[in-house]
Amino acid sequence: MSAATGINGEITSSELNQQPAATPTAERRVRSTPSRWRQVVPTVLIYVVSIAVALALCALLVSTTGGSAMKVFSALLDGSLRSPGSWGITINTAAPLLAVAAGTIVAGKAGLSNIGQEGQVLLGAAATAFIATRLVASGPVVIIISLTAGAAVGGLWALLASVMKFSRKVPEVISTLLLYFIAIQITDFALTKRWLLASLSTDSRVNNGQPIKRNARLPGFELFGNTISWGAFVAIILTAVIGIALARTTTGFRLRMLGLNPRTARRAGVSAAKIGGAALVVSGATAGLAGSLWLTGGVPGDRFTSGMSSNLGWQGLLVALLARQRAALAIPMAFVFAALRTGSQFLSATGVDRRIADVVQAMLVLALLVGAALEMVQKRRAERMAAA
Amino acid sequence: MIAFGGAIWELLSSDSTYASTMRFSTLLAFAAIGEWIAERAGTINISVEGMILTGAFTAALGSDLTGNVWVGLLFGVLGGFLVAYVQGTMSHRFGTNQFVVGLTLNVLAVGLTAFLDAQIEPKVGPAGILRIPGLASIPLIGPALFERTWIQYMLYPLIPLAWWAVYRTRWGLELRCVGENPQAGDVSGIDVSKRRRQGVFVCGLCAGLAGAYLTLGHTGSFTANGLNGRGFLALAAVIFGGWTLKGALGGALIFGFFQALSSVFQALGYKANAQLLTALPYVMALITMLVFAHRSRQPDALARPFVRGLT
Amino acid sequence: MSDTARPEPISAAASAASAASAAVRLEGITKRYGQVVACDGVDLALYAGRIHGVLGENGAGKSTLMKILIGLIQPDEGSISIRGERQAIADPLAAADLGIAMVHQHYSLVEPLTVWENVVLGEPVALNRAKACERVVAISERYGLGVDPLATVSRLTAGQRQRVEIIKCLRREPQIIVFDEPTSVLTPAESEQLFSVLRTVVVDEGRAVALVSHKLDEILHATDEVTIMRGGRVVDRLLTADATASSLAQSMVGRPVSLRSEAAALGLIETVAEIAHDDPTVESPEDKHARVVLDVRDATLNDADGRVLLDHLSISVRAGEIVGLAGVEGNGQRALADVLSSLVDLDSGSVLVAGTEVATSKPGALSAAGVGVIPEDRHDSGCVLDLSVAENLVLADLGGVSRRGMLDRKAIDERARDLMQAFEIQASSPHAPMRSLSGGNQQRVVLARELSAQPRVLVAAQPTRGLDVGAIEYMSARLRQAADDGVGVLLISTELEEVLTLSDRICVIHKGRIVGEMAQHETDIERLGLLMGGVNA
């Protein structure tokens, strides 16, 4: 698929206002200048209202099914930020989300839609588990090798989709998606075989892997009673590097050109297969790395389990989309999503089903989308009035 | 080698192969027909999975509330339509990116149906089996096609209906136009956004029907996230089929066959790796697309948002 | 002669007619886009039984005006009256209900559908293939517009597609028909035929026809009266019989105009041909020995459906010469330009630049070898609208503005400013988005980028399409200068005037191959027209 069809950062179509350059009749330029303040206030209002409506609907849902909305929101806050040590957990949860988002941004800027991050995360974690349960070496060496393995496997998985697209025109949207389902089966299979990932326990009910060696865990440091894993720094540095590379390097420029206008890009020497393919591989690699960070960061425990990826891939993808493919915005957005995740841990105490957190998250996303659409409509109206 | 040949023969000559295949293929076929219509109008409908799942849940709900399977069916169709309404309106009235909306709706559908299922726990009364005498006696495929739950029979007239609607009516012509060249349609006086929305709505109806079939006809109950990605196989079927109805249905048949293999193998007493069998339909979908997607022609304006005035 | 400031109808006959029977009366139509005024208080009246020309260079506002009439755009001020009654035209459907129809240039036919499907598109009646085909055949016979109702549009030539457009338009029996730049896709012979169809439609059936154009020839030949627009305003209105080429030109452009020097821009084909004869660029002995910088040999290309785009096409260009490739749209020009842009790979054949073969499959290879291209559709493959002007100026040569892989912002700025000055590109700053530039300025950006790379070959495809007279002159001068500097220029254009004026040598392309060649001083318009139409002459 061409650039115009992918998740290339456009939440809403920005062509809704007619520019004279588009009709070959006008010769002079456009300038529209509503005051900055008047521009910002209605936009903020739109988003605040949308989010409020979304939260209200969720509260309604909780109440009508017999729960207490206040308790739910309180539990979410407790789990994510209020209870001791929760900041650290939330940050450590945000790290893999951010890694996934960073890679998705790379692919998105190139005009490609990778939606199989969940599978790449899973395989990355699996590869890391394989190495981290077996390799006998000093701590730093094990960590570096296992993280690299995770990234490599994730990247290879995306390479499959890339090859399929550029040699046989299979849309990467569907191939990355199908590869996700295949990845689940691969990892489930690996969990049944001792020589792969299966636990050494003789208990047939156990469907987990072996615990990873102690020195394979990512170290962290203490800060105000929170344990923050080095993984968070890895993720932030990765995001910063990607953001800078996209904006300032020649390769980044070529990649953006490819996403904006592939034909002009080809004219200028950008090979869609090479650069686009590389972008897809990078997005898979960061997702694989996210899986590694997740496993070694200690949040879910110390071993690989079935379904380990736990929606990290989907949520990281949404983070990137909502951050409008901008690396800087991805960081706070990842934190918000992580907060929802960790907050939901505390929901069982309230008696409300844990999955309400998923609903809240999806409703918030919808609220942001509706907000973006309304913002576009409002802007159009303002422009029309300015022109008259 | 001979053993392998013998196994293939047994596979092809067993009733259960055809029956199982039809069960899975019907589900995919309902969804694929809807997705085909949506894509001919220019929308890639990633939320088809959410539509089916929602339809499955609402069908269970309806059946539980009234004890009547017909009502359950209706609820299922409406459930799919509900999701389609959001998808269609946001994509084509508000201009929101259709992928973002679709993915979000999927997440919402999975979470919401699982949540409500845990709260409400609807009990489903499955639809009865209807046997068509005479036709059902055809060896091998007879029972598969004519001795099924009556919901499956809705597929048979749906196929020519869909074909007729898209190729023989003015609505269908406008739909196709809007998927190929919306600017031309706009200039000819067609309401492009409306037709594209309608394409999505029809997909929702069909996917809701698929969901109702899943709950009422196929499994007899609702399982949270019981769809597990099979809705996306409908998407693959449309691509594999080169955006033709025949092709999409062919894809549904093939992918349904591979899904059926795990239960067929069990019935026949063969042992095969569970994960391999589960992965097989997805692998086959990839392989078939590798072979066929290369040559097919997608609607020119597929997944391209339409904006008036870009001339 | 007519005074450019007086917007009154001149002849008594016209004023008598205006009193009662105006089929369409536009009054005070104004349309603004931000600070730009596309139409400024425009008055226009169309009468039944008359062909009314709307003349203006590109950018004068005539397209906008017609889009308002047809319902694609809403005016900010002014009123529209149809047969004496005020109407608001909300969309094309409403326009059709009022009996207004437009024959578009592009964007109106759906290629994968058949002729009859395209003709009935948008009609609120049930679909009936037999009836529709009957209707298509009936209309085409009545007006002499032969076309097969069952053919798929993607397989039709540009001229045939226009016929389908006309049939589609006439199917609804409109009382008011607008033709938008109709002859740009036709051979001279087809143009004549079109004009006679117009006469039938108008005179015999009493419809009102508006002919929108920037070409004086068309206006002088085909219209009864003409309204001239400039800069969004109506500057003159007169009977065609009272008009001369020079008076029209002066009104259109706003300054005294030498017909001879601007004949191509004004669309005066006979003048152009005269000039070519009287004052040809004679080939000097050294020209003959200039080396061949571009050599396309036996190029063959089929599209995905198996249709032939290029059919063993061979063409060569020497350093310092301008080779014009004339032909009706849709005969392989686009494919040739795409091949030379590395956008498409040849099925067979080769391309040699300065004697060395260059792979057509490698992206950017031809550009690196020294082939610059000004593409037919700059939005499609010439520039990136979402990037800034500066970024567009440097995108083909990043090595020169970067250090060790990192972009050097200052160097980019500097290069951009230099180029903007040298090529007179008007933009608020180098950082302005490309989108905000006018068409003419965008074309200059593309030209600047391509020329600044010091190419050996410059392929210019439809370089002056959509530009006003001044911009056309600038572009033509630049192309000539490039040739004088030793660049081999391949000019691909469907505008015969342009090809005749600029080229040293003219080749004609038809159905993907070169069917004829002539030097500038021996040009024969009739022969060219026949070759373009596929007749062996």
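The values are calculated or read from the model by the stated rules, or taken from the named source; none is laboratory data. As the structure is a computational prediction, the values presented were derived from the model and not from experiment. Neighbour counts are summed over all protein chains in view; Cβ atoms, including those assigned to glycine, are modelled from backbone coordinates with ideal geometry.
Among the residues of region B:291-309, which ones are within 9 Å of chain A (Cβ to nearest Cβ) and in a loop (DSSP other than H, G, I, E, B)?
Matches in region B:291-309: B:S296, B:Q298, B:L302, B:A303, B:R304, B:P305, B:F306, B:V307, B:R308, B:G309.
Is there a residue being touching a Lys or Arg at 6+ places or on another chain (Cβ under 9 Å), touching a residue at least 12 places away in the same chain (Cβ under 8 Å) and assigned by TED's automatic domain parsing to the domain that holds C:V351 anywhere in region C:521-528? Outline the logic, then answer.
Of all residues in region C:521-528, those touching a Lys or Arg at 6+ places or on another chain (Cβ under 9 Å) come to none.
No: zero hits.
Taking only pairs six or more apart or across chains, which ones have beta-carbon atoms under 6 Å, a first residue in region A:194-216 that is under 15 Å from A:L135 (Cα atoms), and a second residue that is modelled with pLDDT under 70 and of a type outside the set (S, T, N, Q)?
Close Cβ pairs satisfying both conditions: A:Q210/A:L200.
For C:V54, which of the numbered conditions (1) away from chain A (no Cβ under 14 Å); (2) at pLDDT 90 or above; (3) surrounded by 17 or more Cβ atoms within 10 Å (Cβ to Cβ) fails to hold?
Unmet condition: (1).
Give the residue, chosen from B:G226, B:G247, B:G242, that is at pLDDT below 85, within 20 Å of the chain's Cα centre (by Cα) and not hydrophobic (A, V, I, L, M, F, W, C). Working first, answer last.
Working: B:G247 fails: at pLDDT below 85; B:G242 fails: at pLDDT below 85.
None of the other options fit; the residue is B:G226.
Return only the number of the condition from (1) surrounded by fewer than 18 Cβ atoms within 10 Å (Cβ to Cβ); (2) at pLDDT below 80; (3) over 23 Å from C:G206 (Cβ atoms) that C:T30 does not satisfy.
So C:T30 meets the others, but not (2).
Do we have B:T288 as within 14 Å of another protein chain (Cβ to nearest Cβ), crowded, with 17+ Cβ neighbours inside 10 Å and free of Cβ contacts under 8 Å to residues at least 40 places away in the same chain here?
no
For region C:433-461, enumerate the residues that are in contact with a Ser or Thr (Cβ under 7 Å, 6 or more places away or on another chain) and part of a helix (DSSP H, G or I).
Looking only at region C:433-461, we keep the residues that are in contact with a Ser or Thr (Cβ under 7 Å, 6 or more places away or on another chain), and these are C:433-434.
Listed by number, the list holds a single entry, C:M434.
Evaluate region A:320-328: report whether one residue or more is surrounded by 21 or more Cβ atoms within 10 Å (Cβ to Cβ), outside any helix (DSSP H, G or I) and facing chain B (nearest Cβ under 8 Å).
Among the residues of region A:320-328, not one is surrounded by 21 or more Cβ atoms within 10 Å (Cβ to Cβ), outside any helix (DSSP H, G or I) and facing chain B (nearest Cβ under 8 Å), which makes the answer no.
Checking A:I275 against (1) among the β-branched types (V, I, T); (2) free of Cβ contacts under 8 Å to residues at least 12 places away in the same chain; (3) under 27 Å from A:A152 (Cα atoms), which test does it fail?
In the conditions (1) among the β-branched types (V, I, T); (2) free of Cβ contacts under 8 Å to residues at least 12 places away in the same chain; (3) under 27 Å from A:A152 (Cα atoms), A:I275 misses (2) alone.
Could you please give the count of residues in region B:165-180 that are in contact with a Pro (Cβ under 8 Å, 6 or more places away or on another chain), within 8 Å of chain C (Cβ to nearest Cβ) and buried (at least 20 other Cβ atoms within 10 Å of the Cβ)?
Of all residues in region B:165-180, those in contact with a Pro (Cβ under 8 Å, 6 or more places away or on another chain) come to B:170, B:176, B:179-180.
Still in the list and also within 8 Å of chain C (Cβ to nearest Cβ): B:170, B:176, B:180.
Right, trim to buried (at least 20 other Cβ atoms within 10 Å of the Cβ) and you get B:176, B:180.
Qualifying residue count for the region: 2.
How many of the residues in region C:171-189 are in contact (Cβ under 8 Å) with a residue 60 or more places away in the chain and farther than 11 Å from C:E218 by Cβ?
Residues in region C:171-189 being in contact (Cβ under 8 Å) with a residue 60 or more places away in the chain and farther than 11 Å from C:E218 by Cβ: 12 in total.
How about region C:427-442: which of its residues are closer than 15 Å to C:A471 by Cβ and either without any contact (Cβ under 8 Å) to a residue 60 or more places away in the chain or more than 10 Å from chain A (Cβ to nearest Cβ) (or both)? Working first, answer last.
So the first thing to find is which residues in region C:427-442 are closer than 15 Å to C:A471 by Cβ, and the list is C:427, C:437-442.
Those that are closer than 15 Å to C:A471 by Cβ and either without any contact (Cβ under 8 Å) to a residue 60 or more places away in the chain or more than 10 Å from chain A (Cβ to nearest Cβ) (or both): C:A427, C:L437, C:N441.
Counting only residues that are within 14 Å of B:F255 (Cα to Cα) and hydrophobic (A, V, I, L, M, F, W, C), which one in region B:20-57 is farthest from the chain's Cα centre (by Cα)?
First pass over region B:20-57, keeping only residues within 14 Å of B:F255 (Cα to Cα): B:20-32.
Adding the requirement that they be hydrophobic (A, V, I, L, M, F, W, C) leaves B:22, B:24, B:27-32.
Working: B:M22: 13, B:F24: 10, B:L27: 6, B:L28: 4, B:A29: 5, B:F30: 4, B:A31: 1, B:A32: 4 Å.
This residue is B:M22.
So which of B:P126, B:P157 is surrounded by fewer than 24 Cβ atoms within 10 Å (Cβ to Cβ), under 30 Å from B:L302 (Cβ atoms) and more than 10 Å from every other protein chain (Cβ to nearest Cβ)?
Working: B:P126 fails: under 30 Å from B:L302 (Cβ atoms).
Just one listed residue meets the conditions, B:P157.
Of the residues that make up region B:204-215, is at least one crowded, with 21+ Cβ neighbours inside 10 Å, more than 14 Å from the chain's Cα centre (by Cα) and among the aromatic types (F, W, Y)?
No, there is no match, as no residue in region B:204-215 is crowded, with 21+ Cβ neighbours inside 10 Å, more than 14 Å from the chain's Cα centre (by Cα) and among the aromatic types (F, W, Y).
Residue by residue, here is whether (1) within 10 Å of chain B (Cβ to nearest Cβ); (2) out of contact with any Ser or Thr (no Cβ under 9 Å at 6 or more places or on another chain) holds:
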residue	(1), (2)
A:S292	no, no
A:G301	no, yes
A:G316	no, no
A:F335	no, no
A:L366	yes, no
A:V370	yes, no
A:K379	no, no
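Among the candidates C:I100, C:I80, single out the residue that is more than 9 Å from chain B (Cβ to nearest Cβ), crowded, with 21+ Cβ neighbours inside 10 Å, in contact with a Pro (Cβ under 9 Å, 6 or more places away or on another chain) and in contact (Cβ under 8 Å) with a residue 24 or more places away in the chain. Give the derivation first.
Numbers: C:I80 fails: in contact with a Pro (Cβ under 9 Å, 6 or more places away or on another chain).
Just one listed residue meets the conditions, C:I100.
Given (1) more than 10 Å from chain C (Cβ to nearest Cβ); (2) surrounded by fewer than 24 Cβ atoms within 10 Å (Cβ to Cβ), where does A:T251 come up short, assuming only one miss?
Unmet condition: (1).
Which of the residues belonging to region A:218-248 are surrounded by fewer than 20 Cβ atoms within 10 Å (Cβ to Cβ), in contact with a helix residue (DSSP H, G or I) (Cβ under 7 Å, 6 or more places away or on another chain) and in a loop (DSSP other than H, G, I, E, B)?
A:P219, the sole residue that qualifies.
Which of the residues that make up region C:361-395 are more than 7 Å from chain A (Cβ to nearest Cβ), over 21 Å from C:R291 (Cβ atoms) and not aliphatic (A, V, I, L, M)?
The answer is C:S361, C:K362, C:P375, C:E376, C:D377, C:R378, C:H379, C:S388, C:E391, C:N392.
State yes or no: is C:E357 among the acidic types (D, E), assigned to a strand (DSSP E or B) and more than 9 Å from chain A (Cβ to nearest Cβ)? Give the steps one after another, and end with the answer.
Working: among the acidic types (D, E): yes; assigned to a strand (DSSP E or B): yes; more than 9 Å from chain A (Cβ to nearest Cβ): yes.
The answer is yes for C:E357.
Any idea which of C:E111, C:E123, C:E117 is of a type in the set (D, E), within 14 Å of chain B (Cβ to nearest Cβ) and under 25 Å from the mean Cα position of the chain (by Cα)? Break it down stepwise before answering.
On the way: C:E123 fails: under 25 Å from the mean Cα position of the chain (by Cα); C:E117 fails: under 25 Å from the mean Cα position of the chain (by Cα).
Testing whether each residue is of a type in the set (D, E), within 14 Å of chain B (Cβ to nearest Cβ) and under 25 Å from the mean Cα position of the chain (by Cα) leaves just C:E111.
Got a number for residues in region C:244-299 being closer than 27 Å to C:G320 by Cα and either modelled with pLDDT of 85 or more or not in a loop (DSSP other than H, G, I, E, B) (or both)?
Adding up the residues that qualify gives 27.
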